[in-house]
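Just below is one structure, and these are the notes that go with it.
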Amino acid sequence: MAPPEKRVKQRLDFYPFAYALYNEDLIDHCWYCLEPIEIRNRCLGCGLAVFCNKQCQTLGWKDHKAECKALPKCQELPDIEVRLLGRIVVREKDILTGKDKKDPNFYKDRTSERKLMDIWAHTEDIRKDKYAINKFQSIYDRLTAFYDERHMLPRDVVFEIHCRDYINRHAISDREYLKEIGKGLYLDMCAYDHSCRPNTVYTCKGFIATLRGLNPNVNLSDRSTTFYAYIELTCSLQQRKKLLKDTWYFDCQCERCTDKTDNLLTSVICPYCPKEDKVAVCIFGDSTYKNKEAKTVLCHKCNTIIPQDYIMEALTTMNFIDRIFDDREVEQMPRKTQLEFLEDLLARAGQTLPDVNVYLCKIIQNLIGIVKPSDNETLLKLHQKAEQCVRKCFPHNHPAVAFHLRNIGIFLQNIGQTEKAVKYLLEAQEILEFTLDKEHCMTMKNQALLNDALAELRQKRQNVKNGTENTENVAEQVVPEEEKPVPDQSSLENVVEISNELINAIEEKSLKKIEEVLEVPKVPKQENGSSDKNQSKKQKKQQKQQQNQANGNSKNEKSPAVESESGKVTDLTQISQPAKTEQLTQNGTEKETRRETKKVVVCDDLYSDNMDDLPELVQ
């Protein structure tokens with residue numbers, strides 16, 4: 001019988017109709033390819049745009065030409081909303097007037113099967129939405145004030161274009177999948193529908209987006225069965241439905257939204273079951289343990305009615321957590337006060353909310369960003385406490401799960417629990433290799449961490465063997481009885497046996513075997529204080545590097561709960577799928593970074609479509 005056909009991991013690339021960087025990323029990313037740059041080659045025309053080289057400037061001229069003239073004249077730099085819409089309008093006008101045919105590079109890495117006006121617009125929904133229509137008017141006023149009139153289209157056409165941009169744009173992340181750096185309108189990728197339990201995820205390499213299946217059965221060519229997430233996935237059912245309805249005007253009935261177990265994200269701890277069990281009881285959704293007429297909820301384990309005042313206390317706690325992060329009240333506190341407040345809130349909320357509760361995880365999410373990077377034990381506890389929620393919110397092969405497991409592995413290794421660290425790093429590696437491929441920078445970094453952990457594990461095994469041999473030699477020496485070392489020989493042999501089995505399990509890449517090995521009793525480890533004294537300088541340096549990788553740059557990995565609805569989407573590990581960009585921050589305003597622009601006196605003929613008139617680059 002012929003062997004079964006091996007399923008190939010599917011990948012599909014998409015190119016943007018237009019894209020733009022966030023204001024804070026304009027000075028350190030190329031305006032064309034979006035790659036980070038160290039040597040800033042500035043456009044002599046506007047004095048602000050930066051490019052990798054002349055080639056990037058030439059290829060980016062079709063997008064930059066209109067704004068190049070406008071930038072020196074503006075009093076404040078327009079935000080990404082204005083600049084992205086402006087680029088879309090300018091490009092569409094070039095197509096309508098036939099200028100696209102005169103530029104051989106116009107469609108280079110910018111092709112789409114669909115046209116701009118082919119995609120969903122929800123024009124009438126936006127007209128009826130008071131907030132949305134006021135938002136358009138604000139953007140339009142700034143747009144017409146910024147761009148030269150000859151680059152614009154009539155207002156009604158701009159409104160139609162804005163509706164398509166508003167509904168369909170996507171976040172663009174950096175290559176390492178750590179931070180959102182811009183937004184783009186991908187005409188073909190927005191043809192795929194949303195699911196709160198997606199079977200694909202997309203990554204970015206510059207402005208090129210790649211859709212990747214999260215399991216071998218995904219058929220990317222079948223849009224009816226292929227889904228990705230428009231929003232942050234660490235949200236409750238109620239939060240997700242409201243966000244999708246308010247922003248994309250549809251009621252989500254995806255697999256996750258109709259799954260009764262998703263209500264665990266808003267569950268409470270049964271007050272009658274043993275505290276160490278922390279039995280989670282769902283208070284929302286249909287359940288055989290709920291009596292709607294009597295308005296009672298039973299614990300499915302102890303079959304006891306949960307008091308209504310206890311449920312109200314839990315609901316009040318969840319609403320309070322939601323409000324303080326929506327209103328950004330915590331951000332306004334001094335850092336020390338933030339830490340004390342969130343630690344106290346986590347302790348109090350943890351009395352009624354289980355670890356799987358998404359609101360409890362919002363506290364953890366924000367705590368992770370302000371705990372000292374050197375506090376490995378606290379960071380480990382926080383990540384472990386959030387693990388259940390992360391695994392519940394994200395599909396197994398989602399990179400967010402891998403990054404969370406990787407961080408747990410790093411913290412475990414930093415406190416000397418290398419065996420357990422290997423288990424987490426190996427599972428993270430399997431996910432990353434499947435979803436992001438072996439050559440992806442994040443996969444290679446995790447592989448390096450895993451290799452270091454394995455090397456340390458082998459060294460420990462060798463040290464134990466050497467210690468066994470040394471004890472035998474010492475026993476043969478003639479020394480006073482009271483000075484003879486008395487090693488626990490059975491424990492030493494146990495460590496050697498465990499390490500051998502663990503190495504074999506790792507080489508087989510068998511998580512099941514690793515877990516079985518790690519359940520065997522081990523020799524008690526030294527306290528952190530004594531082990532730190534015996535560390536070499538090289539080990540300390542290595543741990544510091546690993547710690548930095550785990551915690552990341554504070555700018556890149558700031559708490560995602562605050563900026564989730566602006567499209568700055570990250571998961572509980574502060575690293576996540578750059579979801580389809582939403583339009584509002586959670587307090588109803590937009591994030592905007594304003595900078596004064598350098599004023600440069602230039603000639604009007606500099607801004608023609610002729611490539612011979614391309615401005616010079618200066619460092």
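The values are calculated or read from the model by the stated rules, or taken from the named source; none is laboratory data. From a predicted model like this one, the values you see are computed outputs, not experimental measurements. Methodologically, a virtual Cβ is constructed for each residue, glycine included, from the backbone with ideal geometry; neighbour enumeration extends over all protein chains shown.
Key figures
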{"item": "Counted residues, region 206-251 - those being more than 21 Å from Leu12 (Cβ to Cβ), under 20 Å from the mean Cα position of the chain (by Cα) and hydroxyl-bearing (Ser, Thr, Tyr)", "result": "2"}
{"item": "His194 being more than 19 Å from Ile80 (Cβ to Cβ), in contact with a Phe, Trp or Tyr (Cβ under 7 Å, 6 or more places away or on another chain) and in contact (Cβ under 8 Å) with a residue 60 or more places away in the chain", "result": "yes"}
{"item": "Criterion violated by Pro104 - all others in (1) farther than 15 Å from Leu187 by Cα; (2) outside any helix (DSSP H, G or I); (3) within 33 Å of the chain's Cα centre (by Cα) satisfied", "result": "(3)"}
{"item": "Residue list for region 219-246, restricted to those being more than 24 Å from Gln365 (Cα to Cα), surrounded by fewer than 20 Cβ atoms within 10 Å (Cβ to Cβ) and out of contact with any Cys (no Cβ under 9 Å at 6 or more places or on another chain)", "result": "Asn219, Leu220, Ser221, Asp222, Arg223, Ser224, Thr225, Asp246"}
{"item": "Any hit, region 393-409, residues being over 15 Å from the mean Cα position of the chain (by Cα) and buried (at least 24 other Cβ atoms within 10 Å of the Cβ)", "result": "yes"}
{"item": "Residues satisfying the stated conditions in region 345-358, i.e. part of a helix (DSSP H, G or I) and crowded, with 22+ Cβ neighbours inside 10 Å", "result": "Val358"}
{"item": "Residue satisfying all of: in region 283-334; touching a strand residue (DSSP E or B) at 6+ places or on another chain (Cβ under 6 Å) and part of a loop (DSSP other than H, G, I, E, B); surrounded by the fewest Cβ atoms within 10 Å (Cβ to Cβ) among these", "result": "Tyr289"}
{"item": "Unique match (being surrounded by 13 or more Cβ atoms within 10 Å (Cβ to Cβ) and at pLDDT 60 or above) among Leu426, Leu492", "result": "Leu426"}
{"item": "Strands (runs of 3 or more DSSP E) lying entirely in region 1-97 (those with 2 or more residues that are over 28 Å from the mean Cα position of the chain (by Cα) and surrounded by fewer than 21 Cβ atoms within 10 Å (Cβ to Cβ))", "result": "41-43"}
{"item": "Residues satisfying the stated conditions in region 187-203, i.e. more than 20 Å from the chain's Cα centre (by Cα) and more than 14 Å from Ser224 (Cβ to Cβ)", "result": "Leu187, Asp188"}
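This table checks each residue for (1) of a type in the set (A, V, I, L, M, F, W, C); (2) modelled with pLDDT of 95 or more; (3) within 26 Å of Leu21 (Cβ to Cβ).
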{"residue": "Gly206", "(1), (2), (3)": "no, yes, yes"}
{"residue": "Leu214", "(1), (2), (3)": "yes, yes, no"}
{"residue": "Val218", "(1), (2), (3)": "yes, yes, no"}
{"residue": "Arg223", "(1), (2), (3)": "no, yes, no"}
{"residue": "Tyr228", "(1), (2), (3)": "no, yes, yes"}
{"residue": "Leu233", "(1), (2), (3)": "yes, yes, yes"}
{"residue": "Leu237", "(1), (2), (3)": "yes, yes, no"}
{"residue": "Arg240", "(1), (2), (3)": "no, yes, no"}
{"residue": "Leu243", "(1), (2), (3)": "yes, yes, yes"}
